[in-house]
Amino acid sequence: MRRFWFLLLAVAMTLVIALPAGAGKPPKPKPPSSAPLAATLNAQPIWVHEDGDVIWYSVTVQNKTQSPITATILHPGGSTEVSITEPRGVAEFPNLFSYPVTEDDVLAAIDIVRTVVVTYEGGEVVAETSTVMDPVDECVFEDEDENPVVTKSGLCIWKPAPGIWDLSAVPDPDQMPTKRPTNVMMTMRDGVPGNWCTLSTDGGGGVVQERWLPNSPTPIVLDVNLPSDGMCLMGGAGVCTDDDCYFAVGNPESFYLYTTFDATITLTKH
């Protein structure tokens with residue numbers, strides 16, 4: 001009989017050890033109900049490249065209840081009052097504040113993070129967004145004495161006067177193969193994804209792809225149309241007429257030249 005009680009005690013101890021941690025404790029209090037509103041913070045453009053680019057921030061506040069609600073948006077530009085009377089209604093504040101990119105931002109080369117706090121009676125909600133900081137150097141076509149220099153391959157920022165331009169590029173022979181043809185490419189874009197700086201909305205210009213022969217004297221010519229508003233004419237979000245397609249550019253004076261080869265580039269404005 002004694003052995004039977006020892007077996008029962010062993011089984012009981014095994015069951016206790018197998019219980020999850022915290023079993024038998026009083027239940028924790030339920031979390032408070034969710035906030036009566038929601039807030040989102042959006043930034044345009046989605047990336048910036050240089051000192052002087054401007055980021056614009058828009059805020060959306062949604063009433064998650066069936067009752068009117070008032071709130072205050074606290075943001076880097078100050079404070080903005082919100083009143084939403086419709087059940088489940090939404091209040092939008094486009095371009096509520098802005099931020100000009102600084103030289104320190106470019107040198108740090110880290111994403112730019114901004115936050116807003118929306119306060120209401122009894123609490124607050126926080127919304128945050130980040131903008132990619134992708135530093136890009138300016139193009140160098142001439143030295144201080146206006147002598148032509150070799151422009152390195154890759155991406156660079158060009159800030160010309162608006163208008164139609166020809167960029168005539170002679171590949172650097174020291175950087176090109178001497179015994180076989182080479183595929184080369186030059187493009188010109190604005191700050192909008194998918195926008196090419198074509199001569200017209202029908203296409204043509206903005207991109208050139210060729211097969212360069214070793215030591216060829218014929219330059220590679222890129223024709224571009226650079227509008228004064230910084231928004232090129234072909235493709236991407238910049239050609240949308242619907243407000244939903246709107247895409248800001250950080251600096252409308254800046255355009256982006258990309259080459260796959262080192263070259264001496266001569267600029268001609270029409």
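Does Thr178 meet the test of being polar (S, T, N, Q), out of contact with any strand residue (DSSP E or B) (no Cβ under 8 Å at 6 or more places or on another chain), surrounded by fewer than 20 Cβ atoms within 10 Å (Cβ to Cβ) and without any contact (Cβ under 8 Å) to a residue 60 or more places away in the chain? So that I can check it myself, show each step before the final result.
Working: polar (S, T, N, Q): yes; out of contact with any strand residue (DSSP E or B) (no Cβ under 8 Å at 6 or more places or on another chain): yes; surrounded by fewer than 20 Cβ atoms within 10 Å (Cβ to Cβ): yes; without any contact (Cβ under 8 Å) to a residue 60 or more places away in the chain: yes.
So Thr178 passes the test.
Inside segment 135-175, can you point out the residues that are aromatic (Phe, Trp, Tyr) and modelled with pLDDT of 95 or more?
The initial filter retains those residues of segment 135-175 that are aromatic (Phe, Trp, Tyr), namely 141, 158, 165.
Listed by number, the residues that qualify are Trp158, Trp165.
Taking the condition of being among the hydroxyl-bearing types (Ser, Thr, Tyr) and loosely packed, with under 15 Cβ neighbours inside 10 Å, how many residues in segment 197-214 meet it?
So the answer is 2.
Residue count for segment 215-228 satisfying the condition of being of a type outside the set (Val, Ile, Thr) and either surrounded by fewer than 11 Cβ atoms within 10 Å (Cβ to Cβ) or touching a helix residue (DSSP H, G or I) at 6+ places or on another chain (Cβ under 8 Å) (or both): 3.
For segment 57-79, which positions are over 15 Å from Asn95 (Cβ atoms), among the polar types (S, T, N, Q) and modelled with pLDDT of 95 or more? Answer for segment 57-79, where residues must be over 15 Å from Asn95 (Cβ atoms), among the polar types (S, T, N, Q) and modelled with pLDDT of 95 or more: Gln62, Asn63, Thr70, Thr72, Ser79.
Tell me yes or no: at least one residue of segment 146-162 is over 30 Å from Pro219 (Cβ atoms), out of contact with any Pro (no Cβ under 9 Å at 6 or more places or on another chain) and among the acidic types (Asp, Glu). Lay out the reasoning, then the answer.
So the first thing to find is which residues in segment 146-162 are over 30 Å from Pro219 (Cβ atoms), and the list is none.
Checked against the condition, which is being over 30 Å from Pro219 (Cβ atoms), out of contact with any Pro (no Cβ under 9 Å at 6 or more places or on another chain) and among the acidic types (Asp, Glu), segment 146-162 yields no hits at all.
Of all residues in segment 78-106, those that are within 29 Å of Asn251 (Cβ to Cβ) and assigned to a strand (DSSP E or B) total 12.
For Ile157, the conditions (1) out of contact with any His (no Cβ under 7 Å at 6 or more places or on another chain); (2) surrounded by 13 or more Cβ atoms within 10 Å (Cβ to Cβ) are fulfilled apart from (1).
When Gly52 is tested against (1) surrounded by fewer than 14 Cβ atoms within 10 Å (Cβ to Cβ); (2) under 30 Å from Asp190 (Cα atoms), exactly one condition is not met: (1). Under the condition of being touching a Leu at 6+ places or on another chain (Cβ under 6 Å) and buried (at least 18 other Cβ atoms within 10 Å of the Cβ), the residues counted in segment 181-196 number 2. The condition of being part of a strand (DSSP E or B) and polar (S, T, N, Q) holds for Thr131. For segment 160-175, a residue qualifies if it is surrounded by fewer than 16 Cβ atoms within 10 Å (Cβ to Cβ) and either of a type in the set (A, V, I, L, M) or touching a helix residue (DSSP H, G or I) at 6+ places or on another chain (Cβ under 7 Å) (or both), and the qualifying residues are Ala161, Ile164. Take segment 97-136 and flag every residue that is within 17 Å of Ile46 (Cβ to Cβ), surrounded by fewer than 17 Cβ atoms within 10 Å (Cβ to Cβ) and polar (S, T, N, Q). Hits for segment 97-136 are Ser98, Ser130.
Taking into account only those residues within segment 11-56 that are more than 30 Å from Gly77 (Cβ to Cβ) and of a type in the set (D, E, K, R), which is modelled with the highest pLDDT? Talk me through it step by step, then tell me what you get.
Residues of segment 11-56 more than 30 Å from Gly77 (Cβ to Cβ): 11-33.
Those still in the list that are of a type in the set (D, E, K, R) too: 25, 28, 30.
Details: Lys25: 39, Lys28: 46, Lys30: 43.
Among them, the one singled out is Lys28.
The values are calculated or read from the model by the stated rules, or taken from the named source; none is laboratory data. The model shown is predicted, which means the values in this text are computed figures rather than measured ones. Heads up, the Cβs are rebuilt from the backbone with ideal geometry, glycines too, and the neighbour counts pull from every protein chain shown.
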